[in-house]
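To keep things clear, I will list the structure first and then write my remarks on it.
The values are calculated or read from the model by the stated rules, or taken from the named source; none is laboratory data. These numbers were taken from a predicted model, which means no experiment stands behind them. In this analysis, Cβ positions are derived from the backbone assuming ideal geometry, glycine residues included, and neighbour counts consider all displayed protein chains.
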Amino acid sequence: MTAALLQVDNLHAGYGSSQALSGVSFQAHEGQFITLLGRNGMGKSTTVSCLMGLLRPWQGNVHFNGRPITGLRSHVIARSGIGLVPEGRHIFPNLTVYENLVATAYTPTHCRSPWTLEAIYTLFPRLQERARHLGCNLSGGEQQMLAIGRALMTNPRLLILDEATEGLAPLVRTEIWHCLAELRKSGLTILCIDKHLNALLPLADRHFILEKGRVVWSGTSPELQAARESLQAYLGV
């Protein structure tokens, strides 16, 4: 198998004197859809913070596209080809949908089929309908669509979604899952955190379960389905 697009090795990190990660290691290859699973407080979002340069690890390394990115500033990591859809969405509330999408847009010179406004509006027609509306006036589902669209406008090679469908109505969740399925088909590499395992199983190539800041299990969707009962203690809320 070719070298991983994302390689995470032995990450240790925390906040003050409180340790949140105790040796997290995993990888994602080009075109893979992987997940980080686990109960609340097990280190999933902390891992994302380390990947994106929002938190400096105490120990360990992160390589992206063969290059070390550990400790780099967030904007440098983003420009290297990683797009983040953060937990809580964090769109710009006082900018319109259109302004949110173009504010951080970036097209690398090597990008053959860049994401454009037209492509985002095709993926999420509702955003085109709401293009002139302020972010603060959107529903939760529309804000999540906007957060995904904003990340895609940076033309990432890796898309990270932290709590992809948290707090969304069932119909909106279904729309988000359909979007992620289309992105997977396009060949985009995706790292997803979410609690809805039944929706993730058909999409993901590989899963990594975190418990107390460590990866305690990894495997494919069929392997997870087969071991689901024995792993329930790690997956329950």
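The residue that is farthest from Val62 (Cα to Cα), among those in segment 73-87 that are buried (at least 16 other Cβ atoms within 10 Å of the Cβ) and of a type in the set (A, V, I, L, M, F, W, C), is Val85. Restricting the first member to segment 105-132 and to residues that are in contact (Cβ under 8 Å) with a residue 24 or more places away in the chain and closer than 20 Å to Gln144 by Cβ, and the second to residues that are of a type in the set (Asp, Glu) and surrounded by 13 or more Cβ atoms within 10 Å (Cβ to Cβ), the beta-carbon pairs closer than 9 Å and six or more apart or on different chains are Phe124/Glu142; Phe124/Glu175; Leu127/Glu142; Arg130/Glu142. Looking only at segment 24-35, residues that are surrounded by fewer than 22 Cβ atoms within 10 Å (Cβ to Cβ) and either closer than 12 Å to Val215 by Cα or more than 20 Å from the chain's Cα centre (by Cα) (or both) come to 3 in all. Screening segment 1-23 for residues that are free of Cβ contacts under 8 Å to residues at least 60 places away in the same chain and assigned to a loop (DSSP other than H, G, I, E, B) and picking the one that is farthest from the chain's Cα centre (by Cα) gives Ser17. As a summary of the residue check, Val85 satisfies the conditions (1) more than 17 Å from the chain's Cα centre (by Cα); (2) of a type in the set (Val, Ile, Thr); (3) within 20 Å of Glu182 (Cβ to Cβ) except for the one numbered (1).
Residues satisfying the criterion are present in segment 29-38 (criterion: in contact with a Lys or Arg (Cβ under 9 Å, 6 or more places away or on another chain) and charged (D, E, K, R)). When Ile77, Ile34 are checked against the criterion of being not polar (S, T, N, Q) and not in a strand (DSSP E or B), Ile77 stands alone in meeting it. Selection of segment 37-48 for residues being crowded, with 19+ Cβ neighbours inside 10 Å and out of contact with any Asp or Glu (no Cβ under 9 Å at 6 or more places or on another chain) yields Thr46, Thr47.
Among residues of segment 60-72 being in contact with a Leu (Cβ under 9 Å, 6 or more places away or on another chain) and surrounded by fewer than 18 Cβ atoms within 10 Å (Cβ to Cβ), the one that is nearest to His12 (Cα to Cα) is Gly60.
Residues in segment 38-65 that are assigned to a loop (DSSP other than H, G, I, E, B), among the small types (Gly, Ala, Ser) and modelled with pLDDT of 95 or more: Gly38, Gly43, Gly53.
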